[in-house]
Amino acid sequence: MKKIFLSLALATIMAGATAQTTLDDASKIIKANEGKDEGFKTAIASVIKDPDLYNHIWKRLIDSLAGDKKQPWNFLRDLNIKFKTFQTEDNPSTRLGLSYDFNFDYAKYSEKALRRSEVSFGLSATGNVAFKKAFNPADFLDTKLKFSYVFFFGGVSSKGNPEIFTELNRIEANLVKYKDPQSPEAMKEWDSFDKFLQLSDQYYIGFMPKAALESNQDFSKKQFSPGLSLDLGAKAWSNKSTLAWLNVFDYPFALIRLITGADKTYTVYGATLPTLQGTIDYVVPQDDADRNTLVGNLDPFPRFKLETSFRTLVAKVGKEKVFLNANLRYYRELGAPLAVKNAGLASQTYFVSALQSSSGLFVSYAKGKLPFDAKSDAIYSLGLNFKLN
């Protein structure tokens, strides 16, 4: 018992004051139930199930490594980790787990007067994992190598007189002087900058060949899915443009921003128009006992995927800003065998949304099913996010 308690104490010291409170509460329970196994188990459970403890430990660890840029672990700056608890419809209790999002990109740009192009190579890995298998969310682990060719059109400043450019240069020089870019003084300068700098609507199109590995959390099912994606997007940098008012998804949030004081007027954000991605994959199953039983083989098959994402500011509460992230994915197996269609596995739809504050606290909800899922499920999660810079 002493060894376990000492380990928890050391972890808590690393984690900071918030986690210390958790351990103090556990300590009180242990002392009050000395000699009682149930009391000890309750105390330990209250510590090891708290995602806040692990998030603080992780942050302390990364902060201690951030000083030396030559260290081999600097790749962690591209890793986004969230320790959180999971809850499903079938399992009303909560269990600890984490989500990870790793992105590394090398890009080369080419810019002309009205067009900009980008060629990039990247590695990405995303997934959600519960530490207890039964609580794994209805989501798969996705690891991919990708090449992208993206072309941007528009998003340029309209012609102006020399006085306008002189004022823009003055504002930029002043902004450099502020240590806090969110200070009231800096925000006034940013407002002035926006008034002088008027950008045209921007559109982009991207092509992305990729090689990906999809699997469930314990790798009992996995498949390769090389494919080609087409990305489409638009941004109205002026909220007064016609394109901005076409962003009907932002209408309710514009009202919330007005009520909470985030915006002084009812303003629809044109820069938050949803993005759209269409993908054709050639799926090569490797380990999928269910499909093998259903179809009788693990032959490759083509698959169409449609994905759209949306992010916007929802509200401002004190110094905290609250954002909404939403993502909808649709999968359709092309030319699916009759057995797959009859089992309702020819197509899958998955929706996930999350409210996240600027400090990292978030709550998310996911509904639907993805490839490998036999049925639809709902997942709730709560936690704290740390972005490693």
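Under the condition of being in contact with a helix residue (DSSP H, G or I) (Cβ under 6 Å, 6 or more places away or on another chain) and of a type in the set (A, V, I, L, M), the residues counted in segment 233-257 number 3. Out of all the residues in segment 374-387, is one or more surrounded by fewer than 14 Cβ atoms within 10 Å (Cβ to Cβ) and at pLDDT 80 or above? No, the conditions are met nowhere in segment 374-387.
Specify the residue that is most open to solvent (accessible area, probe 1.4 Å); the eligible residues are those in segment 96-119 that are under 24 Å from the mean Cα position of the chain (by Cα) and aromatic (Phe, Trp, Tyr). So, considering only residues that are under 24 Å from the mean Cα position of the chain (by Cα) and aromatic (Phe, Trp, Tyr), the one most open to solvent (accessible area, probe 1.4 Å) is TYR106. Is it true that PHE249 is open to solvent by 30 Å² or more (accessible area, probe 1.4 Å) and part of a helix (DSSP H, G or I)? So PHE249 passes the test. Residues of segment 317-355 that are surrounded by 14 or more Cβ atoms within 10 Å (Cβ to Cβ) and farther than 25 Å from LEU306 by Cα: LYS321, VAL322. Restricting attention to segment 218-227, which residues are open to solvent by 30 Å² or more (accessible area, probe 1.4 Å) and not in a strand (DSSP E or B)? Within segment 218-227, ASP218, PHE219, SER220, LYS221, PRO226 qualify.
Among residues of segment 236-252 that are within 12 Å of ASP201 (Cβ to Cβ) and touching a residue at least 40 places away in the same chain (Cβ under 8 Å), those with a beta-carbon under 7 Å from a residue that is open to solvent by less than 100 Å² (accessible area, probe 1.4 Å) and of a type in the set (A, V, I, L, M) at least six positions away or on a different chain give the pairs TRP237/LEU199; TRP237/ALA271; SER238/LEU199; SER238/ALA244; LEU243/ALA234; LEU243/ALA236. Scanning segment 253-277 for residues that are assigned to a loop (DSSP other than H, G, I, E, B), without any contact (Cβ under 8 Å) to a residue 24 or more places away in the chain and of a type outside the set (Ser, Thr, Tyr) yields a count of 2. Count of segment 298-314 residues, restricted to those that are in contact with a Lys or Arg (Cβ under 9 Å, 6 or more places away or on another chain) and either among the acidic types (Asp, Glu) or open to solvent by 60 Å² or more (accessible area, probe 1.4 Å) (or both), is 3. Are any of the residues in segment 253-269 open to solvent by less than 30 Å² (accessible area, probe 1.4 Å), farther than 30 Å from PRO300 by Cα and touching a Gly at 6+ places or on another chain (Cβ under 6 Å)? Among the residues of segment 253-269, not one is open to solvent by less than 30 Å² (accessible area, probe 1.4 Å), farther than 30 Å from PRO300 by Cα and touching a Gly at 6+ places or on another chain (Cβ under 6 Å), which makes the answer no.
Candidates LEU294, LEU276, LEU230: the one that is open to solvent by 50 Å² or more (accessible area, probe 1.4 Å), under 30 Å from GLY344 (Cα atoms) and touching a helix residue (DSSP H, G or I) at 6+ places or on another chain (Cβ under 7 Å) is LEU294. For segment 281-291, filtered to residues that are open to solvent by 70 Å² or more (accessible area, probe 1.4 Å) and in a strand (DSSP E or B), the residue that is farthest from VAL352 (Cα to Cα) is GLN286. When PHE310 is tested against the conditions (1) farther than 27 Å from LEU255 by Cα; (2) assigned to a strand (DSSP E or B), the lone failure is (1). Is there a residue being under 30 Å from PRO371 (Cα atoms) and of a type outside the set (A, V, I, L, M) anywhere in segment 256-273? Within segment 256-273 (the criterion being under 30 Å from PRO371 (Cα atoms) and of a type outside the set (A, V, I, L, M)), the answer is yes, since at least one residue qualifies. Using the structure shown, decide if ASN128 is assigned to a strand (DSSP E or B) and either modelled with pLDDT under 80 or crowded, with 17+ Cβ neighbours inside 10 Å (or both). Yes; evaluated as a whole, the condition is true for this residue.
The values are calculated or read from the model by the stated rules, or taken from the named source; none is laboratory data. Every value quoted in this text rests on a predicted model; they were computed, and no experiment measured them. In this analysis, Cβ positions are derived from the backbone assuming ideal geometry, glycine residues included, and neighbour counts consider all displayed protein chains. For the accessible areas, the whole protein counts, side chains as well, though only heavy atoms, and no ligand, DNA or RNA atoms are used. Shrake-Rupley method; radii C 1.70, N 1.55, O 1.52, S 1.80 Å.
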